[in-house]
1. Along each of the three principal axes of the Cα atoms of the range 37-116, give the extent in whole Å, ordering the values from largest to smallest.
2. Add -39500 (n - 2.57) for each DSSP H run of 4 or more in the chain, then divide by its residues: what number comes out at 222 nm, to the nearest 500 deg cm²/dmol?
3. How tilted is helix 59-76 with respect to the longest principal axis of the chain? Cα atoms for both, answer in degrees (0 to 90, nearest 10).
4. When a footprinting reagent is the concern and you count Cβ atoms within 10 Å, what order do 41, 114, 104 take, fewest first?
5. Please give the length that would be gained between residue 113 and residue 50 if that part of the chain were fully extended, namely 0.36 nm times their separation in residues minus their C-alpha to C-alpha distance (nm, one decimal).
6. How high is the FRET efficiency from residue 25 to residue 84, r the C-beta distance, R0 22 Å, rounded to 0.05?
7. Of the peptides 85-97, 65-77, how do they stack up when ordered by the mean number of other Cβ atoms within 10 Å, highest first?
8. State, as an integer percentage, the relative contact order of the chain based on alpha-carbon contacts under 8 Å between residues 6 or more apart.
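No lab work stands behind these numbers, since they all come straight from the coordinates. On a predicted model such as this, the values are computed, not experimentally measured, just so you know. Please note: Cβ atoms are built from the backbone with ideal geometry, for glycine as well, and neighbour counts cover all protein chains shown.
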Ligand code: 5GP
């Protein structure tokens, strides 16, 4: 059984966060330390620690995360100029919170994908 993170508390609204979208499958909220003018995290409501834990039965929720990202990008007014979707996995990927999340970053030219 995977251990819950702070993101489970955000989903259940037990701690404050700036939720921009929520339905029965996903929750999206503004990152506490934004790296771009728009920086939103889209997470599944079920706890999946990393991409390594993804199974075929998660296809629907993972697809829904991308559909949600596209909708939010439209709402944020960044769809046409463009944006970046990022999912980090484990230590080399730079993952800090072990509840899968997709970063939606935009609102400026983001530059090269990797800093080095
Ligand atoms: P990772 O490095 O795991 O891909 O990204 C984790 C992200 O979660 C970071 O960008 C970090 O700022 C964000 N984050 C961590 N804790 C909280 C929190 O309590 N609230 C919100 N809104 N974002 C958080």
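1. 33, 31, 17
2. Roughly -7000 deg cm²/dmol at 222 nm, from the helical runs in the chain.
3. So the helix axis and the longest Cα principal axis differ by about 30 degrees.
4. Ranking 41, 114, 104 by Cβ neighbours within 10 Å, fewest first, gives 114, 41, 104.
5. 20.6 nm
6. 0.50
7. Those peptides, ordered most packed to least, come out 65-77, 85-97.
8. Relative CO of the chain lands at 29 percent.
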